[in-house]
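Shown next, in structure tokens, is the structure this report addresses.
The values are calculated or read from the model by the stated rules, or taken from the named source; none is laboratory data. None of these values were measured; they are calculated from a predicted model. Virtual Cβ from ideal backbone geometry, glycine too; neighbours counted across all protein chains shown. Heavy atoms of the whole protein, side chains included, go into the accessibility calculation; ligands, DNA and RNA do not. Shrake-Rupley method; radii C 1.70, N 1.55, O 1.52, S 1.80 Å.
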Amino acid sequence: MIFDELNYEQRIIVDNVKKLAKDRIAPIAAEIDREGVFRWDIARFFAEMGLLQIFLPPSYGGLEEDKTLMFCLCVEEIAKACASSALLLIIQAVGSFPIIAAGNQSQKDRFLPRLAKGDELIAYLVTEPYAGSDVAGIRAKAQKENGTYILNGNKCFSTNGGVASLYTVLAKTDEKELTFFVVERDQEGVSVGKAEDKLGFRASNTTEVILEDVIVSEDNRLGQEGEGFVIAMKDFDMSRPSIAALALGIAEAALDLSFDYACERETFGKALIGRQAISFMLADAAMQIEAGRSLMIEAAKQHDRKKSNIKLASMAKCFCSDMAMKITTDAVQIFGGYGYMKDYPVERLFRDAKLTQIFEGTNQIQRLIIAREMLRERR
């Protein structure tokens, strides 16, 4: 087990996250899903524990080593209790990545202390109505004028878009080049559009963010013009293992609930667990979870070793999210009519699992990437 490989301090972190998830988050998971409202108290819990800061450089409160692995283990534990809460961690990491990876020292000194304090959130503005998995299809433009940039565009499905104070924004600086910028939410021309009414992840804030003639200083450009696409692809190498961890947590919660129910529920004088059809579903779920965790851990370790994990990251994300959808679907089936009711948590897990197959690149895109990497390795 991976827990046995962790050092003492790492074990303490994971244990504390488990306790937080069990004591603080799990009891309100159904309530915040039902209300569909972002909870700042959960963000503050995470900040106090240093979870929002994991990927920051150590001088700003981040971990010294094994950042990706530790991050994924924390996401997995929180997702067992509440997927919406786990997504908050992921988006904070994804949004800050362009600054960490491409920001100069002056930019890091300006923005990272704000994120290190833990009372500000950052959102990642890439997806648009006509560009999701196809990052190159972005239409938002950054026109350079007199040493500044004028940003115009409409970003959609922006997680934390309505609660973040900072945005990392990807826009075109010419017909083919993409570039990242840091934008303040309170800048003139920035407005938050409608909040999305979603199937799952209902306690996660998801909005439109509209940019209309937003003036951005050249000092807020991350990297050189045209480096945005490469930065976004590197961000995926970190984020896709964490999506795998998110899906794993959802699947584990569904299996735990299903197993307990199958042991307690009787039909025709016999517990469900004694029915071969049910026991096989549970056994398959346990096998798939263990296989998925191995993929997630290896993808995370490769990223921490600064080795290419493109294929592994896509494998982990694709496998774990497909597996989570299968296991939560089976969980609803095992619970029967009760599984279809909001009184039981498997219904929420089922709804949450679906998104893991879609965001950070759909699973169809992941399969294309895996096949492309297989071809590249053969040459």
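How many residues are part of a helix (DSSP H, G or I), closer than 16 Å to Phe236 by Cβ and touching a residue at least 40 places away in the same chain (Cβ under 8 Å) if we restrict to the stretch 296-311?
Counting residues in the stretch 296-311 that are part of a helix (DSSP H, G or I), closer than 16 Å to Phe236 by Cβ and touching a residue at least 40 places away in the same chain (Cβ under 8 Å) gives 7.
Scan the stretch 220-239 for residues that are more than 14 Å from Thr168 (Cα to Cα), of a type in the set (S, T, N, Q) and crowded, with 17+ Cβ neighbours inside 10 Å and report the count.
Here the count works out to 1.
Conditions first: (1) among the hydrophobic types (A, V, I, L, M, F, W, C); (2) under 18 Å from Thr356 (Cα atoms); (3) over 27 Å from the mean Cα position of the chain (by Cα). Leu272 passes all but one, so which condition is the exception?
The failed condition is (2).
Scan the stretch 162-202 residue by residue and report those that are small (Gly, Ala, Ser), closer than 18 Å to Glu120 by Cα and open to solvent by less than 30 Å² (accessible area, probe 1.4 Å).
Residues satisfying the conditions are Gly162, Ala164.
Does Asp343 qualify as being part of a helix (DSSP H, G or I) and among the charged types (D, E, K, R)?
no
Pairs please, first residue from the stretch 276-295 and under 12 Å from Ile334 (Cα atoms), second anywhere and open to solvent by 50 Å² or more (accessible area, probe 1.4 Å) and part of a helix (DSSP H, G or I), Cβ atoms under 8 Å, 6+ apart in sequence or on different chains.
Between residues of the stretch 276-295 that are under 12 Å from Ile334 (Cα atoms) and residues that are open to solvent by 50 Å² or more (accessible area, probe 1.4 Å) and part of a helix (DSSP H, G or I), the close pairs are Ser279/Ile273; Met281/Gln333; Leu282/Phe259; Leu282/Ile273.
Across the stretch 136-147, what is the total count of residues that are surrounded by fewer than 17 Cβ atoms within 10 Å (Cβ to Cβ) and not charged (D, E, K, R)?
5
Pull out all pairs, ordered by first then second residue, where Cβ-Cβ is under 7 Å, the residues are six or more apart or on different chains, the first lies in the stretch 152-178 and is over 17 Å from Ala102 (Cα atoms), and the second is assigned to a loop (DSSP other than H, G, I, E, B) and of a type in the set (Phe, Trp, Tyr).
From the stretch 152-178, the pairs are Val163/Phe38.
Looking at Met374 and the list (1) under 19 Å from Lys80 (Cα atoms); (2) surrounded by fewer than 16 Cβ atoms within 10 Å (Cβ to Cβ); (3) touching a residue at least 60 places away in the same chain (Cβ under 8 Å), which single condition is not satisfied?
In the conditions (1) under 19 Å from Lys80 (Cα atoms); (2) surrounded by fewer than 16 Cβ atoms within 10 Å (Cβ to Cβ); (3) touching a residue at least 60 places away in the same chain (Cβ under 8 Å), Met374 misses (1) alone.
Suppose the filter is touching a residue at least 60 places away in the same chain (Cβ under 8 Å), of a type outside the set (Asp, Glu) and open to solvent by 40 Å² or more (accessible area, probe 1.4 Å); does Ser96 pass it?
When the stated conditions are applied, Ser96 does not pass them.
Just to be sure I understand, how many residues within the stretch 43-83 are polar (S, T, N, Q) and either touching a Gly at 6+ places or on another chain (Cβ under 8 Å) or more than 22 Å from Ala123 (Cβ to Cβ) (or both)?
The qualifying residues number 2.
Take the conditions farther than 16 Å from Ile289 by Cα, surrounded by 18 or more Cβ atoms within 10 Å (Cβ to Cβ), among the basic types (Lys, Arg) and modelled with pLDDT of 95 or more and apply them to Lys307. Does it pass?
So Lys307 fails the test.
Which of the residues spanning the stretch 279-320 are closer than 30 Å to Asp260 by Cα and small (Gly, Ala, Ser)?
Selection gives Ser279, Ala283, Ala285, Ala286, Ala291, Gly292, Ser294, Ala316.
Would you pick out the residues in the stretch 278-308 that are under 16 Å from Cys74 (Cα atoms) and hydroxyl-bearing (Ser, Thr, Tyr)?
Ser294
Within the stretch 1-36, can you find the residues that are touching a residue at least 60 places away in the same chain (Cβ under 8 Å), part of a helix (DSSP H, G or I) and open to solvent by 30 Å² or more (accessible area, probe 1.4 Å)?
Hits for the stretch 1-36 are Ile13, Ala30, Arg34, Glu35.
State all residues of the stretch 349-365 that are open to solvent by less than 30 Å² (accessible area, probe 1.4 Å) and touching a residue at least 60 places away in the same chain (Cβ under 8 Å); if no residue qualifies, say none.
Within the stretch 349-365, Leu349, Arg351, Asp352, Ala353, Thr356, Gly361 qualify.
Which one is nearest to the chain's Cα centre (by Cα), of the residues in the stretch 113-127 that are surrounded by 21 or more Cβ atoms within 10 Å (Cβ to Cβ) and not aromatic (Phe, Trp, Tyr)?
The residue in question is Ala123.
Could you tell me whether the stretch 186-203 includes any residue that is more than 22 Å from the chain's Cα centre (by Cα) and closer than 23 Å to Thr362 by Cα?
For the stretch 186-203, residues more than 22 Å from the chain's Cα centre (by Cα) and closer than 23 Å to Thr362 by Cα: absent.
Step by step: first the residues of the stretch 240-292, then only those that are more than 30 Å from Lys311 (Cβ to Cβ) and of a type in the set (S, T, N, Q), then the one that is surrounded by the fewest Cβ atoms within 10 Å (Cβ to Cβ). Which residue is that?
The extreme case among them is Gln276.
Assess whether Met323 counts as being surrounded by 24 or more Cβ atoms within 10 Å (Cβ to Cβ), at pLDDT 95 or above and touching a Gly at 6+ places or on another chain (Cβ under 6 Å).
Taking the combined requirement at face value, the residue satisfies it.
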